[in-house]
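The values are calculated or read from the model by the stated rules, or taken from the named source; none is laboratory data. Please read all numbers here as calculations on a predicted model, not as lab measurements. Note that we place each Cβ from the backbone using ideal geometry, even for glycine, and neighbour counts take in every protein chain shown.
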Amino acid sequence: MRCATAAVSIAFAVLAVAAACTDATAAGRGKPCAPASRGVYIVTVKPSAGGVDSRTYYISILAAVVGSKEKAVEALVYSYTTALTGFAAKLTPAQLAVLRKRPDVLQVLPDVKYSLHDRDNLN
């Protein structure tokens, strides 16, 4: 019984730390709990000033963050043109911090993959 109680206590402690880490990161406080690595982020930006190709505009924003046009092209994952003005890009935490400070950037969110799970319909 003592062993089971200890195991439950440890499990709750681990969950509490994980929840605190997730809450702080989601709320924009503190640093992410995971080690620093490149992740994909969805970046919403202000519309470009007349006549500029959207992909060219996105690459210019990324180039200022990653250091060169070539690196920006490598970092760009997808260009959005219909649903929103923005792009998806692979960024390090340091690059992410610089990008969020730019005046032409409206919002940066991690690209999260959601999947539906339905045990009743396994087709």
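Where strands (runs of 3 or more DSSP E) sit wholly within the range 1-94, those with at least 2 residues that are more than 16 Å from Gln107 (Cβ to Cβ) and modelled with pLDDT of 95 or more occupy 76-80. Within the set Arg102, Arg119, the sole residue that is in contact (Cβ under 8 Å) with a residue 40 or more places away in the chain and in a loop (DSSP other than H, G, I, E, B) turns out to be Arg102.
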